[in-house]
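Report on the following structure.
The values are calculated or read from the model by the stated rules, or taken from the named source; none is laboratory data. These numbers come from a predicted model, not from an experiment. Note that we place each Cβ from the backbone using ideal geometry, even for glycine, and neighbour counts take in every protein chain shown. Areas reflect the complete protein model, heavy atoms only, side chains present, ligands, DNA and RNA absent. Shrake-Rupley method; radii C 1.70, N 1.55, O 1.52, S 1.80 Å.
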Amino acid sequence: MKIRTGLGYDVHQLVDGKDFWLGGIKVEHSKGAVGHSDADVLIHVICDALLGAANMRDIGYHFSDTDPAFKGIDSKILLKDVMKLIGNEGWKIGNIDSTICLQRPKINPYIPEMKKCLAQVMGIDEEDISIKATTTEKLGFVGKEEGVAAFATVLITK
């Protein structure tokens, strides 16, 4: 059996008046993330971590931010496609551990719904997905509520 790990990191700017998608669900907030797709930073880092672990480059390689086909796309579609890509190579998810860096809003109440959504999209158990949240104690672009960042590590097996 082969075992590999992968790491994902992403950042998106936050602006007033946009929908805020995080972990496949809409989070109530006055600001939303900016991006070529729906800018779901948590899904993006999971995609990058999975692709990296499978040695299949990164999300931008497979879903270019200059391709009009991906303009405004639901990131859950990208995650499903990543699951197909790694699955075609024989990889299965062992677990996912992620951290969202966000000053506001508090996302702890949303975590169970995110886990449920992500588990359904990826076809894995909720218990194999960890989502944590932290602030930056009002420091930097996250602390000033100018952006959101996320990290994910994954374990995959073949």
Exercise. Within the range 99-121, can you find the residues that are in a helix (DSSP H, G or I) and of a type outside the set (D, E, K, R)?
Worked result: ASN108, PRO109, TYR110, ILE111, PRO112, MET114, CYS117, LEU118, ALA119, GLN120, VAL121
Exercise. Of the residues in the range 135-152, how many are open to solvent by less than 60 Å² (accessible area, probe 1.4 Å) and in contact with a strand residue (DSSP E or B) (Cβ under 8 Å, 6 or more places away or on another chain)?
Worked result: 9
For this session: Could you run through the range 37-58 and say how many residues are open to solvent by 10 Å² or more (accessible area, probe 1.4 Å) and either in contact with a Ser or Thr (Cβ under 8 Å, 6 or more places away or on another chain) or outside any loop (DSSP other than H, G, I, E, B) (or both)?
Result: 5
Seminar exercise, completed: Note on ASP97: of the conditions (1) open to solvent by less than 30 Å² (accessible area, probe 1.4 Å); (2) in contact with a Ser or Thr (Cβ under 6 Å, 6 or more places away or on another chain), unmet is (1)
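Can you find a residue in the range 54-62 that is of a type outside the set (Val, Ile, Thr), more than 23 Å from THR157 (Cα to Cα) and at pLDDT below 95?
yes
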Problem set entry | Filter result for the condition that a residue is touching a strand residue (DSSP E or B) at 6+ places or on another chain (Cβ under 9 Å) and open to solvent by 60 Å² or more (accessible area, probe 1.4 Å), over GLU28, GLU89 | GLU28
Problem set entry | Subset of the range 1-36 (residues that are in a loop (DSSP other than H, G, I, E, B) and of a type outside the set (D, E, K, R)) | MET1, GLY17, GLY23, GLY24, HIS29, SER30, VAL34, GLY35, HIS36
For this session: Only residues in the range 70-96 that are closer than 10 Å to SER37 by Cβ and outside any helix (DSSP H, G or I) count as the first member; pair them with residues that are among the aromatic types (Phe, Trp, Tyr) and open to solvent by less than 30 Å² (accessible area, probe 1.4 Å), Cβ under 8 angstrom, at least 6 apart or cross-chain, and list the lot.
Result: ILE73/PHE63
